[in-house]
Amino acid sequence: GAVVSQHPSWVICKSGTSVKIECRSLDFQATTMFWYRQFPKQSLMLMATSNEGSKATYEQGVEKDKFLINHASLTLSTLTVTSAHPEDSSFYICSANRVAGAYEQYFGPGTRLTVT
Amino acid sequence: EDKVVQSPLSLVVHEGDTVTLNCSYEVTNFRSLLWYKQEKKAPTFLFMLTSSGIEKKSGRLSSILDKKELSSILNITATQTGDSAIYLCAVDPGGSEKLVFGKGTKLTVNP
């Protein structure tokens, strides 16, 4: 149990275009989902916390107008990178709590974004 | 500011060796400490340690939480090449569901 999927697993896009990444909890309902990005050889950096039916909470320094997060249902959150630039190239990972307030986060497999 | 520090940052050993990875933390209101293993993709959950569960073991992996020293260790005995990965330590500082991650320890096990 506690499987989280992400789609796509990798994507290449041109500068100026937008890319949407989906995060789904397959066998549980996730009231809270988290979006991270990870640069090569670095640790996870939390971008935002996403709660179903409400606006996401962004970490300091993360542009909410650039990284649009929608948590439309208890099993789906989406991250849209708008007007992507090469510096947005990164590994984006989502995670979800299986039980509200629970400690463990279950991670999706990640999405590799390359902006050319 | 909540902080998690892991050491060493990288480690190279031979198969069969035993390794100990360290994690220390400074957080506002500690709730739990988690260990993850990250290979080529996203992290996978290994252990969660709390005040009521300070020691966990699974096969060749074990972990201990020292609340007095604000630290934890992850032990791997009889290492195998498949143990090569980045091991991440994360702490739940309470107050929200966010985790604070350390930078990770990159373990390389050579045959």
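The values are calculated or read from the model by the stated rules, or taken from the named source; none is laboratory data. Values in this document were obtained by computation on a predicted structure and should not be read as measured data. With ideal geometry, Cβ positions are generated from the backbone for all residues, glycine too; neighbour counts draw on all protein chains shown. Calculation scope for accessible area: heavy atoms of the full protein, side chains included, ligands and nucleic acids excluded. Shrake-Rupley method; radii C 1.70, N 1.55, O 1.52, S 1.80 Å.
Chain A contacts chain B over a buried accessible area of about 1700 Å², both sides summed; the probe is 1.4 Å and only protein chains count.
Under the simplified labelling scheme, the B:VAL12-B:ALA78 pair shows an inter-label distance of 2.6 nm, with each label point 7 Å from Cα along Cα→Cβ.
Remark: chain B carries a charge dipole of roughly 200 debye about the Cα centre, counting +1 on each Lys and Arg Cβ and -1 on each Asp and Glu Cβ. Between A:ASP27 and B:SER52, the distance separating the two model label sites (each 7 Å from Cα on the Cα→Cβ line) works out to 2.5 nm.
With each label modelled as a point 7 angstrom along the Cα→C-beta vector, the A:VAL3-A:THR80 pair spans 2.9 nm.
Derived scalar couplings between HN and Hα for the range B:83-94 equal 7, 4, 4, 9, 9, 9, 10, 9, 10, 8, x, x Hz in order, rounded to whole Hz, by the Karplus curve 6.51 cos²θ - 1.76 cosθ + 1.60 (θ = phi - 60°), x for Gly and Pro. In a DSSP loop and with at most 14 other Cβ atoms within 10 Å, the trypsin sites (Lys or Arg not before Pro) in the range B:1-85 are B:LYS40, B:ARG60, B:LYS67, B:LYS68.
Just in the range B:1-107: which GluC sites (Glu not before Pro) are loop by DSSP and have at most 16 other Cβ atoms within 10 Å?
For GluC sites (Glu not before Pro) across the range B:1-107 that sit outside H, G, I, E and B with at most 16 neighbouring Cβ atoms in 10 Å, the list reads B:GLU1, B:GLU15, B:GLU39, B:GLU69.
Each residue of chain B gets 93 Å³ once the volume of the Cα convex hull is shared out per residue. Debye-formula intensities of the range A:15-95, expressed as log10 I(q)/I(0) at q = 0.12, 0.13, 0.16 Å⁻¹, are -0.32, -0.38, -0.57 (one equal scatterer per alpha-carbon, no solvent). Using the Cβ-Cβ distance between B:ARG60 and A:SER54 with R0 set to 45 Å, the FRET efficiency works out to roughly 0.60.
With N denoting the number of residues in the protein assembly as shown, provide Rg(C-alpha) divided by 2.2 N^0.38 Å, to two decimal places.
Relative to the 2.2 N^0.38 Å estimate, the protein assembly as shown comes out at 1.02.
Anything losing 40 Å² or more of accessible area from the isolated chain to the full protein assembly: pick those residues out of the range A:25-49, probe 1.4 Å, ligands and DNA/RNA ignored. At a threshold of 40 Å² (probe 1.4 Å), the residues of the range A:25-49 that become less exposed are A:SER43, A:LEU44. Cross-link partners of B:LYS106 among aspartates and glutamates, defined as those whose alpha carbon lies under 15 angstrom from its own and excluding same-chain residues fewer than eight positions apart: B:GLU39, B:ASP83.
For chain A, with all protein chains in place and a probe radius of 1.4 Å, 52% of the accessible heavy-atom surface sits on carbon or sulfur.
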